[in-house]
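S.K.: Structure below; questions to follow.
The values are calculated or read from the model by the stated rules, or taken from the named source; none is laboratory data. Bear in mind the structure is a predicted one, so any value in this text is a computation, not a measurement. Every residue, glycine among them, receives a Cβ derived from its backbone with ideal geometry; neighbour counts consider all protein chains shown.
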Amino acid sequence: MAAADKKFTREQAGRLSKAISWSRGRMKKMRELQRKTVQEYVGFHYSDNGAEDRVPISFIELAVTIYERLLSVDSPEVLVTSDHGSLKPVAMDLELAVNKCAKAIELEGEIQRWIKNSLFSIGVMKVGMDWAPDSWPSTMIPFAEVVDLDDLVLDMGAKSWRRMDYIGDRYRMRFDQFKDCGLYDTKDVAPTRRTMRNDGDQDDGNDERLEAIGQGMGTDPDEYEEYVELWDVYLPAEKKIVTLPYEGTSRVLREVSREGSRVRPTGPYAPEPLTTAAPATQAASHPRSRAIRITPQPA
């Protein structure tokens, strides 16, 4: 039986939850350094939680602005072509559809955030397919969303990206959508009674979240809507994504297979450290375009 066909057990979920807590504790220093750097970036007058010292010019802000312009690309687009005349109209339609989708999911803005995150710590983009808003379960569309360091977990016991046993992210969703979508095992899962401003996880060391710089500290038990917090974790060995509750019992709420020859070692999580972003400097005045060539399918 293939690894992806085996069901994830409660025992495995418990071990994974403990591993996530351990790795999150090891990543605390990374989050603290990023927060301090961002405070210097926004300056003293940005908020009560900004930089401690008044400076006439923030050289961190100046450096980030310069490098971001060099590393980012404007309006990412694809070019779809074909050497076969009968497929040229199809290629044109596909090109229009892909480029329209890129604008709909605000890919340009996510790429800029991806690059900016890599300047402060590490940039990770979560990509895949998801149900389109207000169309579940009939339509799926691509998505590309940046995972902030506050919500990221890496296998800190691994020596490289390719050797990680798990990589994942934490996210929130409305509790009514969580209950009604039919994608999760919602039994015994309760709403999370706090906001994401202040990380209340003891394993994380109660460190401030980055949002606290602009929003302030503290929890807000009187939110208008109820939310639930979840972990999506990709397991390269099993080639699957499992969803765990952030709080409560350690059990799997959802399993999704990621079988395929082109699945990257980090699954749906695309890392963009500054070292891998360097070649993009050539795109400052000439935005890069991905060329796709389509050919007839064999009979």
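S.K.: What strands (runs of 3 or more DSSP E) lie completely within segment 232-285 and have 3 or more residues being out of contact with any helix residue (DSSP H, G or I) (no Cβ under 8 Å at 6 or more places or on another chain) and modelled with pLDDT of 80 or more? Steps first, answer last, please.
M.R.: Working: elements: 240-245, 254-257, 269-271.
Here the list reads 240-245, 254-257.
S.K.: Additional query: So the check is Cβ under 8 Å with 6+ separation or different chains; which pairs have a first residue in segment 116-139 that's β-branched (Val, Ile, Thr) and a second one that's in a loop (DSSP other than H, G, I, E, B) and modelled with pLDDT of 85 or more?
M.R.: So the pair list comes out as Val127/Pro268.
S.K.: While we're on this one: Restricting attention to segment 223-268, which residues are at negative phi and among the small types (Gly, Ala, Ser)?
M.R.: Ala237, Ser250, Ser257, Ser261
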